[in-house]
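Below are the structure tokens for one structure; questions will follow.
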Amino acid sequence: MDRCVVLVDAGYLLGAAASLLAGEPSRSRIVVDHAAVVAGLRERAELETGQPLLRIYWFDGAPDRVPQPEHRRLRVMPRVTVRLGALTRTDGRWAQKGVDAAMHAELSELARNRACSDIVLVTGDGDLLPGMMSAKEHGVAVHLWAVQAADGDYNQSEDLVAEADERRVLDREWITAAIHARDGVCPPAGGSHGALGADIGPEIAAILSAPLPDRAAPPAPPAEPHPAPPEHPGDEGAQDAPAGGGGSNGAGKGVPTPKDLASFGKHHVPAAPPGQSAPQPAPSATLRWSSDKGWTDRGTADVPDTSGLPTLAQLTTAEQRWADREADITAVSGDPYEVGQVFARRWTARISEPGQLQQLSAHYPRVPHRIDGELLRYAARFGLLAHKDDQIDEHDRYAIRAGFWREVDTRTGTPRSPA
């Protein structure tokens, strides 16, 4: 049969792409446009083989073989079939189980049944060598594609490369047409976050560049109102930070935690002149992105009561829940900022009392605890969990909540300025 088939080891393709673009093979470090990946694979396969595409098989792992959001999006695309193996965790590391065996079985079955004339393999695993040899014995031409290695070396089994009929490399230009590093993953030298600010606005950039306090103990009040210059002028966020703050909580940490932000500013109090009472610390103007849980210091203003605000689940009917699920699969990309906007858009569109929107807006910048927890659980559906601790990355949480507030402000017409 004069057709071509593409078998994709998603763990290899996306892991190698992450190494190339983000410096490490963690898929949480990249953003993938799966529709663009599929379109690129189809176009290149038909060009390279000279045959029309029969199907793309996408092999990947998932916890308990339960399809993740990306798998649900992929399996409704034309000419795409998703095959899932297990994703297991051992010693803090995730590993695919059964993916290689599934690829081997599919490769052998396609060749034995003469379902195609050409098979494209996007993989680097030498375990597929017997399947490749079997396919060749049945008269199928096997094309092996590699992702450009970050170090310029091979990232495929040498035996697999030697046995393939045709070999090609998916270079950086091809990869970046559909995949890019997540914002802030590979900042320029000096730790600049300029690209982040350009993509999702100044709110997040301002937070990321904020200096961090020393949590251990407040430093002694400085002799002058302005702190001394930093020891290392090249360290971002070092200036205006308390002395000794350059350790575990210094600029090298990258993203300040909500606790850091809450306490920032209250240590910058000039010493009182002899015989006079100490001046009161200036109110902190920093954004508190956390929920209410466990917080007592809420600044000088009273925090509005939000106990009566409904959650999105309470506002959503069964019909809307089904429509939301379909939209999540087909229309929501999974970008953290967009996820926050989508959640807020649904919440604001479904409330029955306009005053509730103003009540929520008055609570800015802290998302009420019940709504915040629901927001983060919703975001977790889009594969935003950091695999090492099953929590959403700190940077992504900032972006999710920033998107949430941007949508709320758009509905209320409230102008906000970065802290």
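Please list, ordered by chain and number, the residues whose modelled amide H lies under 5 Å from the amide H of Leu170; skip anything fewer than 5 residues away on the same chain.
Ala146, Val147, Gln148
Hey, can you rank 311-320, 345-354, 140-149 by average C-beta count inside 10 Å, highest first? Kindly include the intermediate steps, with their values, before the conclusion.
Details: 311-320: 12.6, 345-354: 14.9, 140-149: 21.3.
Most protected by this proxy first, the peptides run 140-149, 345-354, 311-320.
What is the gain in length, in nm to one decimal, between Ala149 and Asp33 on full extension, counting 0.36 nm per residue of separation less the C-alpha to C-alpha distance?
On the way: separation 116, 0.36 × 116 = 41.76 nm, distance 2.04 nm.
Gain on extension, Ala149 to Asp33, equals 39.7 nm.
Here's a follow-up. Less than 11 Å Cβ to Cβ from Phe59, Lys/Arg counted +1 and Asp/Glu -1: what total charge do the surrounding residues give?
Details: positive: Arg83; negative: Asp9, Asp60, Asp100, Glu106, Asp125.
Once positives and negatives cancel, what remains is -4.
Here is a further query. What number do you get for the range 82-168 when its Cα radius of gyration is normalised by 2.2 N^0.38 Å, N = residues? Don't skip to the answer; put the middle values down first.
Values: Rg = 14.0 Å, N = 87, 2.2 N^0.38 = 12.0 Å.
Relative to the rule-of-thumb radius for its length, the range 82-168 sits at 1.17.
Here's another thing I want to ask about it. For Gln320 and Thr412, what is the calculated FRET efficiency with R₀ set at 25 Å and r taken between the beta-carbons, to the nearest 0.05? It would help to have the intermediate numbers written out before the result.
Working: r = 22 Å, r/R0 = 0.89.
Efficiency, rounded to the nearest 0.05: 0.65.
Under a plain spin-label model, where a point goes 7 Å from the Cα along Cα-to-Cβ, how far apart in nm are Ala349 and Thr81?
3.6 nm
Note the full-extension length gain between Asn113 and Glu43 as 0.36 nm times their separation in residues minus their Cα-Cα distance, in nm to one decimal. Kindly include the intermediate steps, with their values, before the conclusion.
Details: separation 70, 0.36 × 70 = 25.20 nm, distance 2.46 nm.
Contour length minus Cα-Cα distance gives 22.7 nm.
Under the rule of at least 5 residues apart or a separate chain, name every residue whose amide H is placed under 5 Å from the amide H of Thr311.
It is none; the list stays empty.
Quick one, can you get me the convex hull of the C-alpha atoms of the range 4-181 expressed as volume per residue in Å³? Please list the in-between numbers first.
On the way: hull volume 19.7 nm³, N = 178.
Value for the range 4-181: 111 Å³ per residue.
Across bins of 5 angstrom width beginning at 0, how are the C-alpha pair distances of the range 1-76 distributed, in whole percent?
3, 14, 22, 23, 19, 12, 6, 1, 0
Values quoted throughout were computed directly from the atomic coordinates according to the rules given, and no laboratory measurement underlies them. Small disclaimer: the values here were computed from a predicted structure and weren't measured. Heads up, the Cβs are rebuilt from the backbone with ideal geometry, glycines too, and the neighbour counts pull from every protein chain shown.
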